[in-house]
Amino acid sequence: MAGEYFTYKGVLFPCHDYTPEALSYVENEFQVRDDDVFNVTYPKSGTNWMLEILSLIRCEGDPGWVRSVPNWERAPWVEHKVGLEAALKYPPPRLLCSHLPVQLFPKSLQRSEAKIIYTLRCPKDVLVSLYHFSHILRFVKDPGSLDSFLEDFLSGNVTYGSWFDHVIGWMGLKDNKNFFSITYEELQQDLPGSVRRICRFLGKELSEEQVAAVAENASFQSMKGNKMSNYSQLSDKYIDHEKGQFLRKGICGDWRNHLSETQSQRFDTVYQEQMQRLGMTFPWD
Ligand code: PPS
């Protein structure tokens with residue numbers, strides 16, 4: 001099954017971890033609770049970083065939970081076959097993750113007070129991170145050359161579909177009081193300040209010491225050294241640990257080390273065409 005895909009409502013998914021039945025269940029039957037907190041992202045945008053921040057906020061900066069329970073159990077991915085089972089058994093209040101585009105997200109969200117935290121990242125860095133990750137993940141097809149992967153990415157011929165559709169779709173909720181968006185770049189620039197903003201959105205009061213403890217324990221170095229957060233525990237069936245690490249570089253602007261001038265210009269042309277639909281600017285613009 002490695003490298004095989006199906007499309008669900010026009011969006012690509014690998015057969016290994018997803019089924020059309022589970023996606024349909026999540027979209028139409030999964031019951032979102034008012035006290036759910038969802039960590040939503042397009043892949044490689046800082047999902048696991050935000051997961052760590054939210055886990056630590058929940059524990060007021062105490063690292064006990066993040067050092068004893070794997071991240072995928074702390075906040076399961078609802079659309080995964082395995083994650084869905086865990087989400088259904090999760091005692092409330094639930095912390096959940098999803099990469100789903102808004103149109104495939106559980107419809108019951110509309111009738112709930114659940115909170116959504118949407119993290120975005122410079123799409124050129126997303127592309128580069130995804131390209132590297134595709135080499136170490138066993139159940140996805142070989143990404144081929146960076147040139148061909150760039151075209152797949154720009155046309156949405158990648159798992160979870162188009163970055164542009166994902167961002168434009170989710171940012172359509174930006175005026176909703178239960179929706180909060182933040183960029184990977186803002187997290188990099190001011191992690192304690194970002195933690196304070198997230199706490200305000202969640203209605204969680206943390207002392208300055210607790211905010212500092214969240215930031216320290218969610219740093220790249222802390223996460224890299226924590227086997228509950230660095231995916232070193234994930235079975236070799238999923239990741240080829242010899243080929244690379246999940247926590248690869250953790251920086252902004254790594255695309256400059258990988259994309260040629262021509263590739264970067266090609267990206268910019270499509271970006272400008274597509275993002276006109278949104279009419280917002282981001283730190284990477
Ligand atoms: S996934 O597979 O879609 O869930 O990946 P995701 O977690 O969204 O993104 C992985 C990238 O995020 C980087 N990362 C971090 N950067 C800075 N600080 C911290 N604490 C951190 N944690 C994860 C990770 O290294 C991946 O980016 P790249 O550019 O590949 O290093």
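Derivation of every value follows stated rules applied to the coordinates shown; laboratory data play no part. From a predicted model like this one, the values you see are computed outputs, not experimental measurements. Methodologically, a virtual Cβ is constructed for each residue, glycine included, from the backbone with ideal geometry; neighbour enumeration extends over all protein chains shown.
Among residues other than Cys122 with Cβ under 10 Å from its Cβ, the summed charge is -2 (Lys and Arg +1, Asp and Glu -1). Charge dipole of the range 5-275 (Cα centre as origin; +1 on each Lys and Arg Cβ, -1 on each Asp and Glu Cβ, all else neutral): 280 debye, rounded to the nearest 20. Electrostatic bookkeeping for Asp268 treats Lys and Arg as +1 and Asp and Glu as -1; over the other residues with beta carbon under 12 Å from its beta carbon, the sum is -1.
With a cut-off of 12 Å between beta carbons, the residues surrounding Ala75 carry a summed charge of 0, where Lys and Arg count +1 and Asp and Glu -1.
Using R0 = 45 Å, the C-beta based FRET efficiency linking Lys227 and Gln276 works out to 0.55. Considering the zone a paramagnetic label at Ile251 would reach in this model (a point 7 Å from Cα along the Cα-to-Cβ line), which residues of the range 194-226 have amide N under 16 Å from it? Only 220-221 fall inside the zone, counting backbone N under 16 Å. The relative contact order of the range 5-275 comes to 26 percent, based on Cα pairs under 8 Å that sit 6 or more residues apart.
Taking all Cα pairs closer than 8 Å and separated by 6 or more residues, the relative contact order of the range 1-113 comes to 35 percent. Calculated [222 nm] ellipticity per residue, helices only, for the chain: -12000 deg cm²/dmol; basis is -39500 (n - 2.57) per DSSP H run with n ≥ 4, divided by all residues, nearest 500. Dividing the mean sequence gap of close Cα pairs (under 8 Å, 6+ apart) by how many residues the range 89-243 holds gives a relative contact order of 29 percent.
Based on the Kirkwood approach, the hydrodynamic radius assigned to the range 150-274 is 17.8 Å, with every pair of different Cα atoms included.
What is the Cα centroid distance between the range 137-168 and the range 78-109, reported in whole angstrom? So the separation of the two Cα centres works out to 23 Å. Placing unit charges on the Cβ atoms of the charged side chains and taking the dipole of the chain about its Cα centre, the candidate lying farthest along the positive direction among Tyr184, Asn226, Ser207 is Ser207. Approximating the spin labels as points 7 Å out from Cα along Cα→Cβ, the Asp285-to-Val69 distance works out to 3.9 nm. For the chain, a/c is less than 1.5, where a ≥ b ≥ c are the root eigenvalues of the C-alpha gyration tensor. That puts it in the rounded class.
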